[in-house]
Amino acid sequence: MSTLADLPSSGRLVRATLVAAAIAGVMLVTVILPAEYGIDPTGIGRATGLYRAPEAAAEPLPTSAASAAGADGVTATAGSLFKSVTPFRSDEMSVTLASGEGAEIKAQMAAGERLIFSWTSVGGGVDVDMHGESLDTSAGDRSYWTGEFEADGHGAFEAPMTGNHGWFWQNLNDTPVTVTVKTSGFYTRLFRP
Amino acid sequence: MPVVTLVATLTLLMGLPAVLGAHGVSAADRAFMEQGGVMAFLYLGAKHMVTGYDHLLFLFGVIFFLYRMRDVGIYVTLFAVGHSVTLLYGVLSGTHVDAYLVDAVIGFSVVYKALDNLGAFRAWFGVQPDTKAAVFLFGLIHGFGLATKLQDFALPRAGLAPKIVAFNAGVEIGQVLALAAILLAMAYWRRTAAFSRQAFAANVVVMACGFALMGYQLTGYFVS
């Protein structure tokens, strides 16, 4: 294998390595960490506009319906009481998935509204991603609860933003499964997107 | 180090995060992969290699001082065999390795190769580690990195093996395409009188990129 004609001395190589590490260190602290992780100890990232807040900080989750009150019409609440302006409804939907197939069922909800859900899979466990996205879909989706080979899932959910929230199930068994979801609460509709 | 090299390094490093998303494959590709067939995997394997700067940097380091096509073929084959073994093994056996740690080791492989090119191991320790063995060994590590990218997806167990093989084949196609572009550029560069002067600086730049990748991934490991 060919190599450098005149091999650099050991001292020169140590200096070169230190220079390389120093350049990497400076670029990490001033460019990569601010842009990728929102870590900006020097403030240079903010100054150059490369700073990007970490996802969690960029879209803070409203901690209760009260914090989302106003724009979306949810009445402010005190203590453990939750008041809703959206009519109450209950739905049940089923979807049969062939081997390898995936499908979504979602509820259209205003920020701060809530529902109770219970889903079960008959015929085998499914991979599940409970997630939602705002109406402005360019913002991407947000995952709430994921699982592999789950036979069911139950709980209560509060919409962090106005949009469509629900489940993506995928059947990774060799045989078909049927997933049935029941929801009750304060949302506009339950649908297959 | 000359100013030109410094500027080149800065430009390279600034471009790094922009080339790919924060980690792995985009949301659109994700859906494509979860619903798509064998061809989707072939395409995405190739795309991952062509846009995967960590693999390309290592490959660039490997062929830097290889002048004969026969040597290029031997080393690239060793790399390809290495990463195929662990990609197939990792995904099919369901072995989960932390993506950040694997990618940090891949960053280290870039630093290692740059130091190797500079003759640092001979200068410091008086020995030249087997370059072929090193390329194969780091090939194995890169394969685990590729496997973690695939494992981010909810892959159907049914018909998994042909899709992984397709992804792997795509990776090799992407590697050949990327390699052709790198070799072409290198051929022109080597013919210039400045090459021997710039070779040292170029490997220092590659090393800096390797260090930056390590820092990027290790930070990700600790903040995620």
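Taken as a whole, the structure leaves B:Ala161 outside the set of residues that are outside any helix (DSSP H, G or I), more than 11 Å from every other protein chain (Cβ to nearest Cβ) and small (Gly, Ala, Ser).
Residues checked against (1) buried (at least 16 other Cβ atoms within 10 Å of the Cβ); (2) within 14 Å of chain B (Cβ to nearest Cβ); (3) part of a strand (DSSP E or B):
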residue: A:Glu148; (1), (2), (3): no, yes, yes
residue: A:His154; (1), (2), (3): no, no, yes
residue: A:Pro160; (1), (2), (3): yes, no, no
residue: A:His165; (1), (2), (3): yes, no, yes
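For the subset of the stretch B:74-118 comprising residues that are hydrophobic (A, V, I, L, M, F, W, C) and not in a helix (DSSP H, G or I), which member is farthest from the chain's Cα centre (by Cα)?
In the first step, residues of the stretch B:74-118 are kept if they are hydrophobic (A, V, I, L, M, F, W, C); the result is B:74, B:76, B:78-81, B:85, B:87-88, B:91-92, B:97, B:99, B:101-102, B:104-106, B:108, B:110-111, B:114-115, B:118.
After this cut, where a residue has to be not in a helix (DSSP H, G or I) as well, the list is B:97, B:118.
Details: B:Val97: 17, B:Leu118: 19 Å.
Taking the candidates together, the pick is B:Leu118.
Out of everything in the stretch A:121-146 that is among the β-branched types (Val, Ile, Thr) and surrounded by 16 or more Cβ atoms within 10 Å (Cβ to Cβ), what residue ends up being farthest from A:Thr188 (Cα to Cα)? Among them, the one singled out is A:Val126.
The single condition from (1) surrounded by 14 or more Cβ atoms within 10 Å (Cβ to Cβ); (2) facing another protein chain (nearest Cβ under 9 Å); (3) modelled with pLDDT under 90; (4) assigned to a helix (DSSP H, G or I) that B:Gly220 fails is (3).
A count restricted to the stretch A:65-94 and to residues that are exposed (fewer than 15 other Cβ atoms within 10 Å of the Cβ), within 25 Å of the chain's Cα centre (by Cα) and modelled with pLDDT under 50 stands at 4.
Within the stretch A:99-115, residues that are more than 11 Å from every other protein chain (Cβ to nearest Cβ) reach partners that are in a strand (DSSP E or B) and charged (D, E, K, R) with beta carbons closer than 6 Å, at six or more positions or on different chains, in the pairs A:Gln108/A:Arg189; A:Arg114/A:Glu158. Quick check on my filter: what residues within the stretch B:81-90 are in contact with a Phe, Trp or Tyr (Cβ under 8 Å, 6 or more places away or on another chain) and crowded, with 16+ Cβ neighbours inside 10 Å? B:Gly82, B:Thr86, B:Leu87, B:Gly90, listed by residue number.
Name the residue that is nearest to A:Glu158 (Cα to Cα), counting only residues in the stretch A:95-115 that are of a type in the set (S, T, N, Q) and surrounded by fewer than 18 Cβ atoms within 10 Å (Cβ to Cβ). Selected residue: A:Thr96. Among the conditions (1) within 25 Å of the chain's Cα centre (by Cα); (2) modelled with pLDDT of 85 or more; (3) in a helix (DSSP H, G or I), the only one that A:Gly11 does not satisfy is (1). Restricting the stretch A:125-154 to residues that are of a type in the set (Gly, Ala, Ser) and within 17 Å of the chain's Cα centre (by Cα) leaves a set whose member that is nearest to A:Asn173 (Cα to Cα) is A:Gly147. Kindly establish whether B:Ile182 is in contact (Cβ under 8 Å) with a residue 40 or more places away in the chain and over 29 Å from A:Arg12 (Cα atoms). So B:Ile182 fails the test.
The values are calculated or read from the model by the stated rules, or taken from the named source; none is laboratory data. From a predicted model like this one, the values you see are computed outputs, not experimental measurements. Heads up, the Cβs are rebuilt from the backbone with ideal geometry, glycines too, and the neighbour counts pull from every protein chain shown.
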